[in-house]
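Participant: One structure follows; several queries about it will come next.
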Amino acid sequence: MRSGISAAGSVGADLLPGREADGYVAESELQDFLDRHVLHPAAGGIEGNVRLRVVPDDVWNNLDFSGRSVAPKAAVALDLAGERDARSHAAGKSLLREIDRENKKRLKRRR
């Protein structure tokens, strides 16, 4: 499931992925994913261009991701906000503020 820079455009962030990829994968699907995409861990302190966040199966199976190819907006925002590069970090923070504004509006309408 795409997240971070790989999902930025899908959730309204003004970023495009370059040669990097970011996403979530269920623990039981990790090896198949690595084999299918011919991925190997980066070695020797080199930072790779693919970041996979492995989610334990008991957690993954309790989440409703049916048919999703992109992580929820809040997850994408948090992943971007946690990046070291300034543009991704700023885009993530901006998305988090946007989510906060949307939630505040929704709460106001309920009152």
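Participant: Can you tell me which residue is nearest to the chain's Cα centre (by Cα) among those in segment 1-50 that are of a type in the set (A, V, I, L, M, F, W, C) and loosely packed, with under 13 Cβ neighbours inside 10 Å?
Facilitator: My answer is L16.
Participant: Considering segment 74-98 alone, what residues qualify as being modelled with pLDDT of 95 or more and of a type in the set (K, R)?
Facilitator: Residues satisfying the conditions are K93, R97.
Participant: For segment 57-68, give me the residue count where each residue is surrounded by 11 or more Cβ atoms within 10 Å (Cβ to Cβ) and out of contact with any Ser or Thr (no Cβ under 7 Å at 6 or more places or on another chain).
Facilitator: So the first thing to find is which residues in segment 57-68 are surrounded by 11 or more Cβ atoms within 10 Å (Cβ to Cβ), and the list is 57, 60-61, 63, 65, 68.
After this cut, where a residue has to be out of contact with any Ser or Thr (no Cβ under 7 Å at 6 or more places or on another chain) as well, the list is 60-61, 63, 65, 68.
Number satisfying all stated conditions: 5.
Participant: Tally the residues that are assigned to a helix (DSSP H, G or I) and touching a residue at least 12 places away in the same chain (Cβ under 8 Å), restricting the search to segment 10-33. Reasoning before the result, please.
Facilitator: First, pick out the residues of segment 10-33 that are assigned to a helix (DSSP H, G or I): 10-11, 27-33.
After this cut, where a residue has to be touching a residue at least 12 places away in the same chain (Cβ under 8 Å) as well, the list is 10-11, 27-28, 30, 33.
The qualifying residues number 6.
Participant: Just to check your reading of the model, which residue among A86, A91, A75 is surrounded by fewer than 16 Cβ atoms within 10 Å (Cβ to Cβ), small (G, A, S) and under 18 Å from R51 (Cβ atoms)?
Facilitator: Selected residue: A86, the only one of A86, A91, A75 that is surrounded by fewer than 16 Cβ atoms within 10 Å (Cβ to Cβ), small (G, A, S) and under 18 Å from R51 (Cβ atoms).
Participant: Could you go through segment 53-62 and let me know if any residue there is hydrophobic (A, V, I, L, M, F, W, C) and closer than 16 Å to G12 by Cβ.
Facilitator: Among the residues of segment 53-62, not one is hydrophobic (A, V, I, L, M, F, W, C) and closer than 16 Å to G12 by Cβ, which makes the answer no.
Participant: Among residues belonging to segment 34-49 that are of a type in the set (A, V, I, L, M), at pLDDT 85 or above and in a loop (DSSP other than H, G, I, E, B), point out the one that is farthest from A71 (Cα to Cα).
Facilitator: V38
Participant: Okay, moving on. Can you find a residue in segment 31-49 that is more than 22 Å from S94 (Cα to Cα) and in contact with a helix residue (DSSP H, G or I) (Cβ under 8 Å, 6 or more places away or on another chain)?
Facilitator: Within segment 31-49, one or more residues are more than 22 Å from S94 (Cα to Cα) and in contact with a helix residue (DSSP H, G or I) (Cβ under 8 Å, 6 or more places away or on another chain).
The values are calculated or read from the model by the stated rules, or taken from the named source; none is laboratory data. None of these values were measured; they are calculated from a predicted model. A quick note on method: Cβ atoms are made from the backbone with ideal geometry, for glycine too, and the neighbour counts reach across all protein chains shown.
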